[in-house]
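Only one structure is covered here, and it is reproduced in the block below.
The values are calculated or read from the model by the stated rules, or taken from the named source; none is laboratory data. Remember, predicted model here, so these are calculated numbers, not experimental data. Because the Cβ atoms are built from the backbone with ideal geometry, glycine has one as well, and the counts that use them run over all protein chains shown. We work out accessible area using only protein heavy atoms, side chains counted, and drop any ligands, DNA or RNA first. Shrake-Rupley method; radii C 1.70, N 1.55, O 1.52, S 1.80 Å.
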Amino acid sequence: MSQKKNFTLGEFIIENQSAFPYSTGELSKLINAIRLAAKVVNHEVNKAGLVDIIGEIGETNIQGEEQKKLDVFANEKFIQALINREIVCGIASEEAEDFISINSNDERNQNKYIVLIDPLDGSSNIDVNVSVGTIFSVYRRITPVGTPVTLKDFLQPGKNQVAAGYIVYGTSTMLVYTTGHGVNGFTLNPAIGTFYLSHPEMQFPETGNIYTVNEGNYIHFHQGVKDYIKYCQKEEEDRPYTSRYIGSLVSDFHRNMIKGGIYMYPKSSITEEGKLRLLYECNPMAFIAEQANGLAISGGSRILDVVPTELHQRIPFFSGSRKMVEKLKEFLDRYE
Ligand code: P6P
């Protein structure tokens, strides 16, 4: 695939679609819809502190979490962008209990894709001006085209994904995504509203010296995780590692993919299933991790092999540089 630096995202999509002559172009249209919504949300995130769109709306989402105005705004914008183009037949969102079934009247589209999205991950950081992100995951439906989607279309293992990506609204706004042929990062030039290919063929360094975990939960972790954290802190070989934790999955994952590191959100005695959601946080990040020569596991199993049972199910999540995840697994296996 052509990786010409400074390609715009639009040029990149066209160039890479031409590599698949039989493609209908719907996946390209889908990524373009994500691109548009990302610009709209970025604009709002960047002015959040200036106008009355931060803070809570006095409602809670299905996770029982205080809904932020920007959560709801971002959710509406991504869903609107996808529905308006009639290229997806279903959407599931972290912000909504049930999935949305979409019937298209546009015969030009096979209408075969479904999207799962966490529209504004880490939104508790908005009020303190720490970066947040959007995470998306794309599958082909498995029920017949032309019939309403069912829960079965959404409960597919992560290895079935056709695309996944994230937008990180940080010091600069980036869109990073994969369609199964490597990972590429695009940085937004806000002056002209264009994403440029700034990080072609992103790869996790094989190892690193950053470990990322909320150490405030240390006493609740299972012994294997505790032992690994002590291993990271021991003065030996290339250690102690550096501890870095932003509390925003997209930002922590993105930093570790560039510098090398491991992100951990383990299960614990207070969160037996972990905290992160399998379908619209762990699966898309795991697809990106593996496409960038990293790993993503949940205890003993590969995240992308897990067969989901519920739309909003949580799962322990460990992802990052291959050698660091393999070393963690050695510690976990001692207690399995
Ligand atoms: P904790 C944000 O709410 C999130 O889902 C991830 O973005 C982040 O990594 C994690 O939760 C932070 O959780 O329990 O450390 O605040």
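In terms of overall dimensions, the chain has a Cα radius of gyration and Dmax of 19.4, 63 angstrom. Taking amide hydrogens as placed 1.01 Å from N in the peptide plane, the amide H of ALA92 sits under 5 Å from those of ILE100, VAL115, LEU116, ILE117, each at least 5 positions away in sequence or on another chain.
Please report the net charge: other residues with Cβ closer than 12 Å to the Cβ of TYR113, K and R +1, D and E -1. Before the final figure, lay out each step's value.
Numbers: positive: LYS29, ARG85, LYS112, ARG140, ARG141; negative: GLU26, GLU86, ASP153.
Residues near TYR113 contribute +2 overall.
Within region 257-298, the GluC sites (Glu not before Pro) that combine a DSSP coil assignment with at most 15 other C-beta atoms in a 10 angstrom radius are GLU272, GLU273.
Would you mind checking LYS152/LYS267; LYS267/LYS329; LYS69/LYS152; LYS234/LYS275; LYS29/LYS259; LYS275/LYS323 for any pair whose Cα atoms are more than 22 angstrom apart?
Working: LYS152/LYS267 26 Å; LYS267/LYS329 14 Å; LYS69/LYS152 31 Å; LYS234/LYS275 27 Å; LYS29/LYS259 32 Å; LYS275/LYS323 24 Å.
Over 22 Å apart, Cα to Cα: LYS152/LYS267; LYS69/LYS152; LYS234/LYS275; LYS29/LYS259; LYS275/LYS323.
With respect to the chain, whose longest principal axis is taken over its alpha-carbon atoms, helix 249-259 is tilted by about 70°. Could you work out the relative contact order of region 130-232? I mean the mean sequence separation of Cα pairs under 8 Å and 6+ apart, divided by the number of residues, in percent. Across region 130-232, relative contact order equals 17 percent.
Computed over neighbours whose Cβ is under 15 Å from that of SER251, the net charge equals -1, Lys and Arg +1, Asp and Glu -1.
The figure for ARG314 is an accessible area of roughly 70 square angstrom, using a 1.4 Å probe on the protein chains alone. Shape class for region 134-292, computed from the alpha carbon gyration tensor (a ≥ b ≥ c): oblate, with a/c not under 1.5 and a/b at or below b/c.
Averaged over its residues, the chain has an accessible area of 43 Å² per residue, based on protein heavy atoms and a 1.4 Å probe.
What is the sum of charges, Lys and Arg at +1 and Asp and Glu at -1, for the other residues whose Cβ falls under 15 Å from the Cβ of PHE287? Its environment carries a net charge of 0. Label separation (ARG140 vs ARG334): 4.5 nm, computed from points 7 Å beyond Cα along the C-beta direction. Distance between the pseudo-spin-label points of GLU206 and GLN233 (7 Å out from Cα toward the beta carbon): 3.0 nm. Measuring nothing but protein heavy atoms, the accessible surface of the chain at 1.4 Å probe radius is 49 percent carbon and sulfur.
Contact order for the chain, expressed relative to its length and based on alpha carbon pairs under 8 Å spaced 6+ residues apart, stands at 16 percent. The label-point distance for ASN103 and ASP305, in a model that sets each label 7 Å from Cα toward Cβ, rounds to 4.1 nm.
Calculated [222 nm] ellipticity per residue, helices only, for the chain: -8500 deg cm²/dmol; basis is -39500 (n - 2.57) per DSSP H run with n ≥ 4, divided by all residues, nearest 500.
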